[in-house]
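The structure appears below as structure tokens.
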Amino acid sequence: RRTRRRGVAVLAGAGAVLFVAGPQWWWPRGGEVERHWSFLQQLTGNGYVLLGLAVLVAALLVRFTPRDDVVSGAVPVRAGASPRRG
């Protein structure tokens, strides 16, 4: 569980950095110049969409990843399963 929380924290931190940086405003825009952006400009300009996809994938992974919780077959002593009286 700790690694899941760390991943969520990293994703949230990336979202905060993306929000503060606002990379969609770094490149020339308007008049359909976005069609001629380089690959790097496309990646940074579409950062919000890519972050949204990352959040959806992370949510799916957290939801459908099997748990590693091992359930012990031991019964607590106070549960009345002990063969001893008292």
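Each reported figure results from applying straightforward, stated rules to the coordinates on display, with no laboratory input. Just so you know, these numbers come straight off a predicted model, no measurement behind them. Backbone-built Cβ (ideal geometry, glycine too); neighbour counts: all protein chains shown.
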Additional length obtainable on full extension of the chain from V62 to L40, 0.36 nm per residue less Cα span: 5.0 nm
Could I have the simple spin-label model distance between W26 and L50, label points 7 Å from Cα toward Cβ, reported in nm to one decimal? 1.0 nm
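Arrange the peptides 37-48, 10-21 so that the one whose residues have, on average, the most other Cβ atoms within 10 Å appears first.
So the peptides 37-48, 10-21, ranked by packing, come out 37-48, 10-21.
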